Structures are given as C-alpha cells and as structure tokens.
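Undergrad: Have a look at the structure that comes next, please.
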Amino acid sequence: MTSKPRGQFVRLAETGRRPITLTIDGVARTALAGDTLLTAILVNGRCVRRSEFGGDGAVAGAPRAGFCVMGACQDCWVSLDDGRRVRACTTFAENGMKVRTAHGG
Amino acid sequence: MVAERLPPVIVGAGPAGTRAAETLVHAGLRPIVIDEAPSNGGQIYRRQPSGFTRPGKALYGFEASRAAALFGAFDRLAGSIDHRPNTLVWSIRPGSIGAGLMHLVSSERANALPFDQVIFATGATDRVIPLPGWTLPGVFTLGGAQVALKYQGCAIGQRTAFVGTGPLLYLVAYQYAKAGAKVAAVLDTAPLSAKLRALPGLSANAQATARGLYYLFWLRSRGVPVQLGIHPLAIEGRDGVTAIAWRDPHGGSHATPCDAVAMGYGLRSETQLADLAEVPFAWDALHRQWLPTRDAAGRTPVAGIYLAGDGGGALGADAAELAGERVALALLQDRGAADNGRSHADRIAAINRRLDRYLRFRRGLERAFPFPAHLAGDLADETLLCRCEGITAGEVRRAVREFGAHEINRAKAFSRVGMGRCQGRMCGPAAAEIVAGALGVPIEQAGRLRAQAPVKPLPMAAVLDDAAASARHG
Amino acid sequence: MAERIATEIAIIGGGLAGCSTALHLRQRNVPVVLLERAACGSQASGVNYGGVRQQGRTLVELPIARRSRALWGRMAELVGSDCEFMATGHLKLARNETEMDVLETYAREAAGWGLELQLLGRNALRDRFPWAGDKVIGGSFCTDDGQANPRLVTPAFARRARALGADIREHTTVTAVERGSDGFRIETAAGLEVRARIVVNVAGAWGHEIAAQFGEHVPEEPISPNMCVTEPLPYFLTPNLGVVGADLYMRQIPRGNVIFGGGRGVNDAKAQRARPLPESALASFQRALEVAPNLRGAHIIRFWTGIEGYMPDELPILDRSATTPGLIHAFGFSGHGFQLGPAVGAIVTEMALDGAPSTPIEPFRIGRFASAPSKS
Ligand SMILES: Cc1cc2nc3c(=O)[nH]c(=O)nc-3n(C[C@H](O)[C@H](O)[C@H](O)COP(=O)(O)OP(=O)(O)OC[C@H]3O[C@@H](n4cnc5c(N)ncnc54)[C@H](O)[C@@H]3O)c2cc1C
Ligand SMILES: Cc1cc2nc3c(=O)[nH]c(=O)nc-3n(C[C@H](O)[C@H](O)[C@H](O)COP(=O)(O)OP(=O)(O)OC[C@H]3O[C@@H](n4cnc5c(N)ncnc54)[C@H](O)[C@@H]3O)c2cc1C
Ligand code: FES
C-alpha cells in the first residue's frame, strides 16, 4: 500500500462513521460513509482534476481541487472506471468506487 | 367542467421554497417541489447527510432554532407536496400560449414537465474576484468552506486564511475557529471607515449587526489577526497553497502562511432559469448585478413566472422565508384561489412592511462591506479570469480593444470567457468589470451575460423519459 | 440633423456574405457602405456549426464551393487571421447499405465536378477512425474539407474591409429601400439615409423582406438548427463528420469540445429571436452516441441555435433582381452558406462591377419559384 499523502481537507467532526474503501487513481484509499467524492479525494490528497487549459503562468494540466463545493463552479468533475463522469462535490463516495482524477475520455 | 389546472411548481427547497410550499399547501394545493440537492434546507440550512450526528446548535449556531423550525415545516409537508430531490431543472420555456415546459434531469433520466405557474427560489452562490493563484488546490469560496464544514465535518485545510468582504467572511471564520480549525487570518478588503459610516443602516437589523460584531471580537480575542482595508495580491504555491500575499492600508506588504484560502465578496443570485423563461432583467445597483424584474409581491412580467428569496437579490435567509410566503400569496391571487381569513393582498402588504427592514439592512451591509469592483477591473492582463476555459483578463481586454467587442456577450464570443462548464457563474461578475473598464463605460453599460441551457452540465447519456412524463400528466 | 451619405454600392446585411462582399469591393477600391442591424456576424454567420465542407452539396453548388475553398485556404492573408480554419477533412458516414449506395453515387457524380472523394468500407474506416461505432458501415472522405470558428470569421472580414476603407455601420436597421431615377435611397431606423447606385441584398433569413419591397416574393422560411457542445474531452475526432440524411453533424476542436447538431429549434424571425429545443437536442444525443460511443460519459455544457433562411429546394438565391436594375440578391443559403460566404462576396463583386461572374450562377435564379415574377 502506498503511504498516505498529505490531505487538503482536515476532518474536525463526524469521524465515527463507517469506513469505506475506494480506489483513487489505482490506489486503495479509505474514506467514511457519507463523504462526497470531493471529501474522499481531498482527505487523501490535494488534486481532484487537471485543468484542460493553461493561463496565469500555469500550463495545461495544472492541478485543481474544486472551488465552490456546492455544484456551481464545475471544477471538480472526475471520471469513474465505469465510464461515467461525475461532479465530485455532489456525488457520494461509495464503497468500491474507482475514481480517476485524470480525464480518460 | 372547468379544466383542472396544473399544480404549481417550486424550484428550490431552501428557506424561500419551503415557506412558499407551506403557504400553497395551506391553501389546499399540492405543489411540486424540485431541488437538485438530496435534501431540503437550501444553502444556509443545508442538512447533513444521514449518519451524521452533530446537533443543530453545532451546525447552525444562533440560527439553530430557525433551522429547526424550517425543517419542521418542511417535514410536515411530506405527503402534501410532490417533492423531487436530486433533480435539476436545466431548461425552461415560458408558456406563451398554453402550458410552459420545464426540463428536468435526475441522474440520467430526463423529463419534460408542463407547468403553468412556477416559483424560482433558486438562491445564490458566492461572488468572487479572481487573483493570481486562485485556482490552486486549497482555494475555495467562503460558501464552499462553510459547506465543507457543515455538510462534511471538514475544514478546507490545516491553516485557513479568509479573504474578501461581507458578513459571511466573519461568520465562516468564526465557525471554523469554533469547530477547532486554525484560522490564519481574516483579511477584509473593506476599510473600518466604511463600517462606521454604515452603522445607521445596519441598525435596521440590530440583532444581526450585534452577531457580526460578536464574531469579530470573538476572533480577535482568540488572537486571530483580523485586518481591514487590505488589498489582496496573490495566493502563493505550486501544487497547493502555501501563503496569501496582501498589502495593508499603509502600503506594507505581507505574506500570511496558510495551506488553504476561503474567498468571497458577497453573493450573486442564481438567475439562469428566469433568463431562460424570458423574464426581462434590470440593472440593480445595490447588488451590482442584473436581476430579473418583478413586482412588489414577486411576480415577474412573464405570466406564471414568480421569484422569491436570494434568487432575486440576496437579502438573507430570514427575508427569503418571508419572500417565499409572499410570492405564494401572489400566485394564489393570480390563480383566483379563495382567501381564508385575511385577504392575500393584506398579508402581502404586511410582509412587505417587514421585508423593508431587510432591504435597509442590506443597503447598510453594502456600505459596510463595499464590493471592491476595482480589484476585478484592475486585474493584471496575465491573471487567469475564467477558470473553466483558462482565459486571462488580458484576453478579454483584447476582445474589446482589438476585436471591437462592445459588450460582454460579444467579448465571450471572441475570447471564450464564460463559455465553459460553469457558464460564467464564477468569472461573470469580474469579466463584466473588465469589459466595462476596457470600454471606459459604467458597469451597467457592459451588457449582461445571457444564460443558455443547460444551466448545468447535462449527461449525454440522458434519455427523455416520455413514458414517465405522459403517465404523470396524461 | 439626420446623416446622409452617398456611395457607389450599399450592402444590406453584415453576415459573412455581406462582409465578404464589402472586402472584395474594397480590394477594387469601390466606395461601399454596409448596413447591419446588430453586429457583424451576430446572426447565422456567427452562430453556425462551423462546417466548411463541399462534400454532400447539390452538384450545381460545387463551383461556388470550390472557389470558396480556395479562399478559405488563404484566410490569414485575406483577413489577417486563419479564424481557426483547419483542413481536417470531412467524413460522411453511412449507417446502412442504402446510405452507402448514396455515398457511392455521389462520389461518382462529384468527380465530374472536380471533387475527389475516398470511399471507405467498414474495415478501412475503422483503421483510420477507430472511434466509429458499430452502426457505422462505411463512409466517404473529402480531404480538402474542414472546419472553422464562426464566431471569428465574419468579424475578421468586417475588420479587414473597414481597414480597407469600407464604411460599416453596425446597429443600423434598414427600414425602407426604394429606387428612384437617380439610384437607390435607403432609410434606416437610426435616421441615417444612404444613396447608392447599386444595392446588394445579403440580409440572410430576412432577405425575402428586402426582395418583397421590389415586388419579388420568394418562399424563404426561417429555420433554426439545434446545436450542442460538450465539455472539453481528450482530442479523438479530427475530421468534420456528417451522415447521409444529415440528421447529425459533429466535429471536435483541438481544445477538446465536441460540437454537434441535429434537429431543430424554434424562432420568431420577426423579433430576431431563436431558441434551441431541448426535446430535439436530447434526441440528437442518441444519434451522436451511435456514431461515437466513446461520448457516453460526456456532458453537454451549452445549446444554441440561430436563424437561417431556407429555400424550398435548399439552394440559395444568387441573382440580379428580376424587377429592379442595380439590385443584387444573395440570400437563402439553406443551412450551408458559411462555407460559401467568402466566394459569394467575390461573385457579387463581379456581378456588380463586371457584368457576368466567372462562376456559374444560373441554378440560383430568383425567378425559379412560381410565385415570383419571372425574368423575361
Ligand atoms: C454557501 C452559502 C452559505 C451561506 N451561509 C449563510 C449563513 O451562514 N448565514 C446566512 O444568513 N446566510 C447564508 N447564506 C445566504 C443564504 O443562503 C440565503 O440567504 C438563504 O439560504 C436564501 O434562501 P433561498 O431559499 O433564497 O435560497 P437557497 O437556500 O440558496 O436555496 C436554493 C435552492 O435551490 C436549489 N436550486 C437552485 N437552482 C436549481 C435548479 N436549476 N434546479 C433544481 N434546484 C435548484 C438549490 O439546490 C438550493 O437548495 C449563504 C449562502 C451561500 C450560497
Ligand atoms: C445553427 C446553424 C448552423 C449552421 N451550420 C452551417 C455549417 O456548418 N456550414 C455552413 O456552410 N453553413 C451553416 N449554416 C448556414 C450559414 O450559417 C448561413 O448560410 C450563412 O451564415 C448565411 O450568411 P448570410 O450573410 O447570408 O446571413 P446572416 O449571417 O444571417 O447575415 C444576414 C445579416 O443581415 C442583417 N439584416 C437583416 N435584415 C436587416 C435589415 N433590415 N437592416 C440591416 N441589417 C439586416 C442581419 O442582422 C444579419 O446579420 C448554419 C446556420 C445555422 C443557423
Ligand atoms: S467544487 Fe464547485 S462544482 Fe464541485
């Protein structure tokens, strides 16, 4: 198992929920039942997707990690292995889900 | 026999939508209540997912009893309303002749819903001003920071800096500190002088003002640096936030180390559906936004289309509840529903007297926390403005200066600003300031970014569920 | 005091046809005034699908399309920007044997007009275009065709024409046109009055309104094709795609967005308003997924439409007025005038200055409709 990288989100409460396991970019990660995908990804790391375009000195591929957390900015879309694309902040993480932060197509 | 009318539809199950539904149910109707969220409550009273156990007091603080009252009201409506959670209204066409048509999608099932009266109670989202580094992981809106905490029990980082202006800036910083998060600083672009000048207006809602002051002093007393009149410079970091750089009113530069930033400059109404419904818009100087026009009760000039709550100008949750009740009364009047007890007109007038106070308070807030439009207008050319399409402020200026765009939609056509997944929700207000600046005209002459369907991304796998639509309305 | 100007040639309509006409006239130093109700390229020319194709056109249109294709290839030189024109090829797909027969017949006939097409069977097509769905049984490929960004093209023509001295008046609606003994007099809502020796009617879906002022009644119908665009996706689709039957057309820009059309929206042409119809857009999703199944997870981020003038035979009117000397009509492009636009400007210029154009235009006579008075 890969060691857990630094997460962006920090859990402050509601930590007694049932743990679930999902795969993020091929690596098994732990989250809690009731987490959104955004939370599940961000307690385990800092990048949710890569921007398609550059600008601001950044090249295309710059990391993004959502912004509004309420389904408005659309900066948290991720792919699931079954081909679906979902908005991470408005989709609940489920046990066994396989998530890809890079756009597979 | 008189043809049966279609049930009224309410889009949004926040404070405004809930009170509207309640009023309609009391009048004997069975409204359809649609919300893209999994449960009712709207933004401020967003309900945490099942399995979460924090009590209302921990989630909603001073507003806990109001939240409980609103949830109670909604729960009592179960069975009397047709509640459709997890359902997005992505397009609407007004019924010039006969019924209008609304387009819904729930996961991958699309639905067409005929209607003849609809209330938009669609709320608001954060108004943001870009700055260098604002797309880095760890930067979220103030509202987003609050959702992470209320809805997920998480802080957006180990050390969060709060930047922007408005009452939410202090509220969310306070909620973070209270929940045990480390607040690196509260950086308010509004100067102290603005707040002092605003006091007379703020007295219209003494309770809310007192709470605001309480948050401020609470934070200061806990050693949280609170800086007024600052100028944000940049968010620093490579793969994530490491600091926020800002200038104090005396010109001194600072960099506050942090790994997360929550930013926001007040709210902007979600008006896309009103636009698609062909409601005329007017420039609203108070909200510095184009808003759908409506009469004193919330009727728009388009027959059958009504507005309530923050979706028609952000006045806050208490005002949204009142506006929800008021607009439902107007809808009932138009439906020719019999008055029970006091006439609808009297009740609307009484509510309007109460709402007046919120409007005065809102004016006071605007004075205390003025929107720093210059920060948007003066964005450096190389700063990324549209996070969806990767468009810089300079590209928008070029659309105006070199390609001759004379208003924002033309600037969009040339530069792609506002053309991405979010449809300009995030960049729109700043883009308008930039266009106005490049044209050298007041903001209201920069034009209004027109909404286009779908109001949010629509899955291509969506199939129109004809069978379901005709079964329900056949 | 209302402004009055006298010019040689007045152009009514600032779409691609009008702006290209203004540019070509200025290349020959002819005084020209262009009057446009909104902004140049804000109607069909600015909101279309962006297909630049010759393949599939009615054969008699091919000479204009060939001439236009040459101009598209010189876009940067002509207007100072390539307007994102790319010769990506146009691939027309067959979804059954009957459709394949249609492609084969067309390829044979088009060869006679100088248009080379490659027919691809099921396997050959998959070798080159592995994304093609099972439903696709073959196709016809035109290397020479491509696509461009319609939002940029017409404004670029207008800017260059203006730089060359054209007097382009935007936000100027023509309210009346009449011909007196000393030429035409045009009134506008803005109070501007224009006198001209020659008038060019390139008013798009409103071209019939101008023609009617001269007693020429043509059955032009305003139609609004539905357009959809996806979020940016990994770049997989290079050619511009069509299908036999034209119920789907699709292209992807290198930024990643897939743009496709199919079905119709609704419009109120009088009020210059149009809107896409979600019902028919949803139906086109299914057709798009059949052709490119890898779009299944994608999301649509925007619908739009525009207003285009369709003629009953889906061929434009490109002719001198049958009633009024000095009046030239070029409108009713029936859903495919974007590709033609550059050449239309060149041809109208020749009609105005040289007499006969160097490209045949007989099939596009205004008199071909029974209700219009015929030219004697
Ligand atoms: C993130 C955030 C945090 C806030 N926090 C506070 C706070 O702590 N204190 C405070 O006083 N005020 C707060 N406000 C302001 C407060 O939200 C409002 O005053 C109040 O919630 C407005 O109520 P409303 O009913 O008008 O809209 P909302 O409560 O915003 O409800 C609107 C509802 O409509 C739904 N909706 C919108 N569009 C569609 C659509 N197309 N299809 C389906 N459903 C749709 C949304 O999902 C939402 O549930 C906050 C605002 C935001 C944006
Ligand atoms: C959605 C859509 C998709 C399309 N896709 C393609 C495609 O892929 N490929 C292709 O080749 N073609 C396509 N077409 C067709 C193509 O866009 C048109 O044929 C072409 O742009 C027509 O150009 P125009 O200059 O004749 O008309 P327009 O661009 O409509 O210009 C006419 C102008 O005249 C102005 N006008 C009208 N009346 C007056 C008046 N009284 N006073 C002043 N001004 C007036 C209007 O404002 C307008 O700007 C499409 C059309 C649409 C709507
Ligand atoms: S974080 Fe903005 S839509 Fe998910």
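The values are calculated or read from the model by the stated rules, or taken from the named source; none is laboratory data. Not measured: the values here are computed from a predicted model. When we count neighbours, we look across all protein chains shown, and the Cβ atoms used for this are built from the backbone with ideal geometry, even at glycine. To get the accessible areas, we keep the full protein, side chains included, count just its heavy atoms, and leave off ligands, DNA and RNA. Shrake-Rupley method; radii C 1.70, N 1.55, O 1.52, S 1.80 Å.
Undergrad: Enumerate lysine pairs in the protein assembly as shown that are 8 or more residues apart or on different chains, then count those whose Cα atoms are under 27 Å apart.
TA: Value for the protein assembly as shown: 16.
Undergrad: Further question: First compute the accessible area of chain B with a 1.4 Å probe, then give the percent of it belonging to carbon and sulfur atoms.
TA: The computed percentage sits at 54.
Undergrad: If I model a spin label at A:Asn95 and B:Arg30 as a point 7 Å from the Cα along the Cα→Cβ vector, what separation in nanometres do I get?
TA: Between A:Asn95 and B:Arg30, the simple spin-label model gives 3.8 nm.
Undergrad: Still on this structure: Efficiency by 1/(1 + (r/R0)^6): what FRET value for C:Ala246 and B:Ala234, r their Cβ-Cβ distance, R0 = 45 Å, to the nearest 0.05? Present the calculation step by step, with values, prior to reporting the outcome.
TA: Details: r = 51 Å, r/R0 = 1.14.
Once rounded, the FRET efficiency stands at 0.30.
Undergrad: Label region B:235-383 by shape, choosing from rounded, prolate and oblate, from the square roots a ≥ b ≥ c of the eigenvalues of the Cα gyration tensor; if a/c is under 1.5 it is rounded, and otherwise prolate applies when a/b is larger than b/c, oblate when it is not.
TA: Because a/c hits 1.5 or more and a/b exceeds b/c, region B:235-383 counts as prolate.
Undergrad: Roughly speaking, to the nearest percent, how much of region C:207-318's 1.4 Å accessible area is carbon and sulfur?
TA: 55 percent
Undergrad: Another question, if that's okay. What nm value, rounded to one decimal, do you get for the distance between A:Arg11 and B:Asp75 when each label is placed 7 Å out toward the C-beta?
TA: Placing both labels 7 Å beyond Cα along the Cβ direction yields 2.7 nm.
Undergrad: Follow-up question, since we're still on this one. Using a Förster radius of 25 Å, what is the FRET efficiency between B:Asp339 and B:Arg360 based on their Cβ-Cβ separation? Nearest 0.05, please.
TA: On the way: r = 30 Å, r/R0 = 1.18.
Computed FRET efficiency for B:Asp339 and B:Arg360 comes out at 0.25.
Undergrad: Determine the sum of side-chain charges near B:Ala368: Lys and Arg each +1, Asp and Glu each -1, restricted to other residues whose C-beta is under 9 angstrom from that of B:Ala368.
TA: Taking every Cβ under 9 Å from that of B:Ala368, the sum is +2.
Undergrad: Follow-up question, since we're still on this one. With θ taken as phi - 60° and the coefficients 6.51, -1.76 and 1.60, list the Karplus ³J(HN,Hα) couplings across region C:351-363 in order, rounded to whole Hz; mark glycine and proline as x.
TA: So the Karplus estimates, Gly and Pro as x, are 4, 6, 9, 10, x, 7, x, 7, 10, x, 10, 3, x Hz.
Undergrad: To continue, here is another question. Rule-of-thumb check for region B:374-446: C-alpha Rg over 2.2 N^0.38 Å?
TA: Rounded to two decimals, the normalised Rg is 0.92.
Undergrad: Right, something else. Go through chain B and flag any cysteine with no other cysteine's C-beta closer than 4.7 Å, please.
TA: Isolated Cys, chain B: B:Cys154, B:Cys258, B:Cys388, B:Cys422.
Undergrad: Moving to a separate point now. I need the P(r) histogram for the protein assembly as shown: all alpha carbon pairs, bin width 10 Å from 0 out to the longest distance, whole percents.
TA: In whole percents, the pair-distance histogram is 2, 11, 19, 23, 20, 14, 8, 3, 0, 0.
Undergrad: Can you list residues from other chains, or at least 5 along the same chain, whose modelled amide H is less than 5 Å from the amide H of B:Ile92?
TA: Placed amide hydrogens put B:His103 under 5 Å from B:Ile92.
Undergrad: Using R₀ = 35 Å, calculate the FRET efficiency as 1/(1 + (r/R₀)^6) where r is the Cβ-Cβ separation of C:Arg264 and C:Ala189; round to 0.05.
TA: Given R0 = 35 Å and the Cβ-Cβ separation, E is 0.70.
Undergrad: Hey, what do the phi angles of region C:247-254 turn into as Karplus ³J(HN,Hα) couplings, whole Hz, using 6.51/-1.76/1.60 and θ = phi - 60°, x for Gly and Pro?
TA: 8, 7, 9, 8, 8, 10, 8, x
Undergrad: For C:Tyr235 and C:Ser280 in the same chain, what is the full-extension length gain: residue separation times 0.36 nm, less their Cα-Cα distance, in nm? Please report the intermediate quantities before stating the final value.
TA: Details: separation 45, 0.36 × 45 = 16.20 nm, distance 2.61 nm.
Result for the pair: 13.6 nm of gain on full extension.
Undergrad: Provide Rg and Dmax in Å for chain B, with only Cα atoms included in the calculation.
TA: My reading of the Cα-based Rg and Dmax gives 22.4, 77 Å.
Undergrad: Among C:Pro63, C:Pro316, C:Pro232, determine the one that fluctuates most according to a GNM of chain C built with springs between C-alpha atoms less than 10 Å apart.
TA: With Cα springs under 10 Å in chain C, the top fluctuation among C:Pro63, C:Pro316, C:Pro232 is at C:Pro232.
Undergrad: Within 10 Å of each candidate Cβ there may be at most 10 other Cβ atoms; applying that plus a DSSP loop requirement, which GluC sites (Glu not before Pro) in region B:376-463 survive?
TA: Passing both the DSSP loop test and the Cβ count: B:Glu402.
Undergrad: On average, how much accessible surface per residue is there in chain C, in Å², for a 1.4 Å probe, leaving out ligands, DNA and RNA?
TA: So chain C comes to 36 Å² accessible per residue, rounded to a whole number.
Undergrad: If you don't mind, another one. Rg and Dmax of region B:318-474, using alpha carbons, in Å: what are they?
TA: Expressed in Å, the Cα Rg and Dmax of region B:318-474 come to 22.1, 64.
Undergrad: List the residues of region C:138-165 that lose 50 Å² or more of accessible area once all protein chains are present, compared with their chain alone (1.4 Å probe, heavy atoms only, no ligands or nucleic acids).
TA: C:Arg151, C:Arg159
Undergrad: Let me ask something else about it. If you take the accessible area of C alone, add that of B alone, and subtract the area of the pair, what total do you get in Å², probe 1.4 Å, to the nearest 100?
TA: 3000 Å²
Undergrad: When the convex hull of the C-alpha atoms of region B:74-230 is computed, what volume per residue in Å³ does it have? Don't skip to the end; give the middle numbers.
TA: Working: hull volume 33.3 nm³, N = 157.
Measuring per residue, one finds 212 Å³ for the Cα hull of region B:74-230.
Undergrad: Which longest uninterrupted range of chain B lacks any trypsin sites (Lys or Arg not before Pro) assigned by DSSP to a loop state (not H, G, I, E or B) and surrounded by at most 13 other Cβ atoms within 10 Å?
TA: Formally, the longest exposed-site-free interval is B:6-221.
Undergrad: List the accessible area buried at the contact between B and A, summed over both sides and calculated with a 1.4 Å probe, in Å² to the nearest 100.
TA: Approximately 3900 Å² gets buried when B meets A.
Undergrad: How large are Rg and Dmax for region A:19-100 when calculated on the C-alpha trace, in angstrom?
TA: Taking only Cα atoms of region A:19-100, I get Rg and Dmax of 12.5, 40 Å.
Undergrad: With a 1.4 Å probe and every protein chain left in place, work out the accessible area per residue of chain B in Å², rounded to a whole number.
TA: Dividing the accessible area of chain B by its residue count gives 37 Å².
Undergrad: Also, I was wondering about something else. What list of ³J(HN,Hα) values in whole Hz, one per residue of region C:270-283 in order, does the Karplus curve 6.51 cos²θ - 1.76 cosθ + 1.60 (θ = phi - 60°) give from phi, with Gly and Pro shown as x?
TA: Using θ = phi - 60°, the values come out as 4, 8, 6, 10, 9, 9, x, 9, x, 4, 6, 5, 4, 5 Hz.
Undergrad: Counting Lys +1, Arg +1, Asp -1, Glu -1, what net charge surrounds C:Thr359 among other residues with beta carbon under 11 Å of its beta carbon?
TA: In short, -1.
Undergrad: For C:Ile137 and C:Ala6 in the same chain, what is the full-extension length gain: residue separation times 0.36 nm, less their Cα-Cα distance, in nm?
TA: Between C:Ile137 and C:Ala6, full extension yields 41.3 nm more.
Undergrad: Here's another thing I want to ask about it. Collect residues whose amide H, placed 1.01 Å from N in the peptide plane, falls under 5 Å from the amide H of C:Phe331; neighbours closer than 5 in sequence don't count.
TA: So C:Phe331 has HN proximity to C:Ile317.
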